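Please read the structure below before turning to the comments.
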Amino acid sequence: MASLSMKSVRKSYGAVEVIKGVDLDIADGEFVVVVGPSGCGKSPLLRMVAGLEEITAGTMEIGGRVVNDLEPKDRGIAMVFQSYALYPHKTVYDNMAFGLHIAKAPKAEVDAKVKKAAEILKLEPYLDRLPKQLSGGQRQRVAIGRAIVRNPEVFLFDEPLSNLDAALRVNTRAEIAKLHRDLGATMIYVTHDQVEAMTLADKIVVLEGGYAQQIGTPMELYHTPANLFVAGFIGSPKMNYIEVTVAEVSADGVKVAAPDIGEALLPIDPDKAAVGDRATLGIRPEDMRHGKTDGITVSGRVELVERLGHETLVEITTTNGLDLKGIIDGTTLISLGDTTDLSFAAASCHLFDSAGKALTRREVPEVVRARRGT
Amino acid sequence: MAGWLMAGPSLAILAIFLILPFFLAFGLSFTNQRLISPNPTEYVGMRNFESLLGVGTLTLEPLRGENGDLILEDGAPTYPRLRGYTRNNPDYPHLNGMREWISWTWGENRVYVLASDVVFMRALVNTFMFVLIVAPLQGALALGLALLVNQKLKGINAFRAIFFMPVVVSMVVVALLWRFIYDGQNGLLNTLLAFLTFGGFKPVDWLGNTSTAFGAMIAMSIWQAVGFHMVIWLSGLQTIPEHLYEAARIEGASRWQTFVHVTWPGLRNTAVLVLIVITMQAFALFTQVDVMTNGGPIDSTQSLVYQAVQRGYGQQDIAGGSAISVLLFLIVLSISLIQRYLTRERT
C-alpha cells in the first residue's frame, strides 16, 4: 500500500500537450476517480502512473519513491484494462498466475495467491476455463484477479466497466467498491461516467483541457463546484445557467438581476463580487420546484416533458429565450405548450464570475462533509 | 436460374481448365495414353504407378575363390554384376528392369536398394528435401522480418516494400537473374565472396555442381517468397491487441517472454496458414528447375512437377506424367491433412 503524488506532471505527444501540469496527492488506501470528457487526457495520466507512457515533465512518486524512469513492473502497480487484456490462449488460472510465473515464483506460492484471488472474486469454478468461455463480467473479474495476484501498492483501473452492459456495470461497480474496502489498497480509477465517479470515489479529479479542474470528494464537487466546467460536468441533467448582473453587494450576500428572475439576493460571499459585474447563476434541475413555491420563480412555455415515473423532467423556454430544465414530482400534471412556473430557493444557487470561477456559497448542505460510506 | 446463367461462363471455364483436367489426370494415369500416338489407348491398371514406385532390395555376397577366400581387386572385395540379377534373371523376376538407387556395404556384403525409376526417386527425395528445408527456414525468416518491420519507425514502409519486392517479380525473371548471380565465372556471388575474402575464395560453379546446385536453388527460393510470408505474418502480428503487450509489460515480461506468451500464441492461425502455403508452394517446385538447371547436373535438382512435365510433354508420356501428378496430389493432400490434425484447435 502506498501514497502517490504528482507534481506538475505534463505529457506531450510531439507538439500537442495533452496534460498541462497536474498536481495530485493521493493518500495511502484512497480511492481516487479521474473523470473527464473524452480526450481530456485521463487515460494518458493513468498510463503515466503505470509507466506505459513516458512522463514529459514533472515528477511522479509512488510510496515516496520517484518512479519517472522506472519500468512498469518496478512501480508496484497493477492495471485493469478496459478491454480486460486477458491472454486469450491461457486459462483463467494461467492468466492470473502469469506475472508470478514469469518471475519464476515457487509453484506453491503461485497456487496460494491465485486461489486466494479467485476466492475473493468468486472465480474458483472457472479457473480451468479460457477467457472466451466467460461472460464479460467474469472476464473483468479475472482481469481484476490478475491485478490482485500482483499484490500491488496501487491499483489502476482504465474504464473497467465500459464494455459491460448496464446491469452488470452496477454489480461490478459494487464489487469494486467492496474490493477496495476489503483490500484497503490505493486505487486510481479512470472513467468518463460520473455515476461511477460519484459512487466509488473518496476523491474525484475532474480533468479537462489538460488541467485538474477540481479535486475533491463527490459531495464537494456536487455542492461546491469550483467552476462552470465542474458544475456542468457533475450532475445529470446538467446544471441550468442564467446570465445575471450583480446589482448589489452587501454583508447579506450578492443581489443579482436578470430579466427572467428580476432581482434576487443570494447567500454568496460578497468578497469577490462588485456591482455591475457580469456573472452566471447556476441552479441544478433537481433544485427546481413546480409552481411558485420557492423564492425565485421563472415562468415559460413547456418545451419538453419526460416522465420517468418517480420524477418528470421538464424544460421551459421563457419569453427572453432562456431554457431551463427542472426535475419535478412525477405525479405533476403538465403538458407541452403549457405556460408554467418553476421556482427555486436562493440558497440552492451557485454563482460564477465572468471567468467561470465559482464564488463561495454560504449555505452548503451538511452532507458536503460526507465521506464515502458515511 | 438467372444466377446460374450469370455464373455460367466462369463455371464453364473452371470446369474445362481445372475440374476436367483434374479428373482426366486420374483417369489417364491408369492408361498408356501418349501425347501423339497411332495406337488406341489401353487400360493398364496400376502399371504406371508400379513402374514409378517399384522398389526392391538386393544383398550380394562378395565373390569367393575356390578355397573360400575373398577375391580382392585393389584390396576391395568384388561382387557379382548387378545386371545379372536385374536383367531377365528368372530367379529374380521382381527386380527385372530395376536400377541401382542407393547402395552401401554391410559387413562383407553389399546392399542395394533398387528402383524401377531412379530419376523419379531422385525427384521425390529432392522435393521432400526442398519442402523440409524451405518450410521451416522460410517461415522463420519471414517471421523474423515481420517482427522487424512491425515497428513504429519512420520509413518502415520502405523496408516492407523492399522485402516484398522479389514477390512481385515473376519467378522466371528471378530465376534468370539468379543464374547470373550463381554464374561460375563472373557471378555476383563468386565476385562478392572473392572480394570479402581478399581473393582467397575459389570461384564455384554453383549451379553446375551436384553438391551445390540444389542448395543454391533452395537459397534462391527462400529469398524469393520470404517477403510474401512476411506480409502474412505481419497481418497476424497486427491483429494482436496492444493491450496484451502492455499487460505483459506491467507484469514484467522480458522481450522473449512476451514473444513466447503473447506474440506466438496470437500467431497460431497465421502459423498454420503460412506453414500450409509454404508447403504447397514448395511441393510445386518447377520454375526454378526449368529455368536454372533442367533438373541437372546428374539429376541433382530434379523435382516431381518437373518430372511430370518432362514425361508428359518432353517424352510425350501423358500417362506417366499424369501418374506423377496424381501421386503428388495424394502426397500434398495427406500432408495437409496431417498438418491440419497437428495444428487443430485443442479444447
Check: Tally Lys/Arg at +1 and Asp/Glu at -1 over every other residue whose Cβ is under 10 Å from the Cβ of A:Leu322; what's the total?
Finding: -3
Next item on the list: Name the long-range amide H neighbours of B:Ser103: under 5 Å, sequence gap of 5 or more, or other chain; modelled H, no Pro or chain starts.
Entry: B:Val113
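State the extension gain, in nm to one decimal, for the chain segment bounded by A:Asp252 and A:His310, taking 0.36 nm per residue of separation less the distance between their alpha-carbons.
Details: separation 58, 0.36 × 58 = 20.88 nm, distance 3.68 nm.
Here the answer is 17.2 nm.
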Next item on the list: For A:Lys272, list the aspartates and glutamates whose Cα falls under 12 Å from its own Cα; do not include residues on the same chain fewer than 8 positions away.
Entry: A:Asp353
Notebook entry, point to check: Using Cα-only point scatterers and the Debye equation, what is log10 of I(q)/I(0) for the stretch A:154-215 at each q in 0.12, 0.13, 0.14, 0.21 Å⁻¹, rounded to two decimals?
Noted result: -0.30, -0.35, -0.41, -0.88
Margin query: Give the aspartates and glutamates reachable from A:Lys132 as a straight Cα distance under 15 Å; neighbours fewer than 8 places away on the same chain don't count.
Written below: A:Asp94, B:Glu345
Checklist line | Amide N of the stretch A:275-297 lying under 15 Å from the label point, which is placed 7 angstrom from the Cα of A:Asn320 along Cα→Cβ | finding: A:276-283, A:296-297
Check: Taking the radius of gyration and the Kirkwood hydrodynamic radius from Cα positions alone, what is the Rg/Rh ratio for the stretch B:55-115, to two decimal places?
Finding: 1.00
Notebook entry, point to check: So for A:Glu315, A:Glu17, A:Glu196, A:Glu71, fewest C-beta neighbours within 10 Å to most, what's the order?
Noted result: A:Glu71, A:Glu17, A:Glu315, A:Glu196
Next item on the list: Round to the nearest 10 and give me the degree value, 0 to 90, for the angle of helix B:268-283's Cα axis relative to the longest principal axis of chain B.
Entry: 40 degrees
Next item on the list: When you have a sec, figure out the Kirkwood radius of the stretch B:1-122 from all distinct Cα pair distances and drop it here in Å to one decimal?
Entry: 18.9 Å
Item checked: Per-q log10 I(q)/I(0), the protein assembly as shown, q = 0.05, 0.06, 0.12 Å⁻¹ (Debye; single scatterer per alpha-carbon; no solvent) -> -0.50, -0.64, -1.29
Notebook entry, point to check: Which whole-number percent is the relative contact order of the stretch A:237-363 (Cα, under 8 Å, 6+ apart)?
Noted result: 29 percent
Next item on the list: Any chance you could check the Cα centroid distance between the stretch A:241-283 and the stretch A:346-366 for me, in angstrom?
Entry: 10 Å
Next item on the list: Could you work out the mean count of beta carbons from other protein chains within 10 Å of each residue's beta carbon in B:249-261?
Entry: 5
Check: Given a Förster distance of 51 angstrom, what is the FRET efficiency for B:Leu137 paired with A:Asp165, based on the Cβ-Cβ distance and rounded to 0.05?
Finding: 0.55
Note to self: Pairwise over distinct Cα atoms, reciprocal of the mean inverse distance: report the Kirkwood radius of the stretch A:41-80 in Å, one decimal place.
What the structure shows: 10.2 Å
Margin query: Need the list of aspartates and glutamates near A:Lys73 for cross-linking: C-alpha distance under 13 angstrom, and skip anything on the same chain fewer than eight residues off.
Written below: A:Glu153, B:Glu246, B:Glu251
Check: Which value, in Å to one decimal place, does the Kirkwood hydrodynamic radius take for the stretch B:119-342 when every pair of different Cα atoms is included?
Finding: 19.5 Å
Checklist line | Local electrostatic count, A:Thr199, Cβ distance below 9 Å [Lys/Arg +1, Asp/Glu -1] | finding: +1
Check: Taking Cα atoms of the stretch B:307-347, Rg/Rh with Kirkwood Rh, to two decimals?
Finding: 1.33
Item checked: Range of Cα positions in the stretch A:4-231 per principal axis (Å), largest first -> 50, 39, 30
Notebook entry, point to check: In whole Å, what is the distance between the alpha-carbon centres of the stretch B:119-138 and the stretch A:40-70?
Noted result: 55 Å
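Since every read-out is calculated from the coordinates, none of them should be taken as a lab result. Treat the numbers as computed from the prediction; the structure is a model and nothing was measured. Glycine gets a Cβ as well: all are built from the backbone with ideal geometry, and neighbour counts include every protein chain shown.
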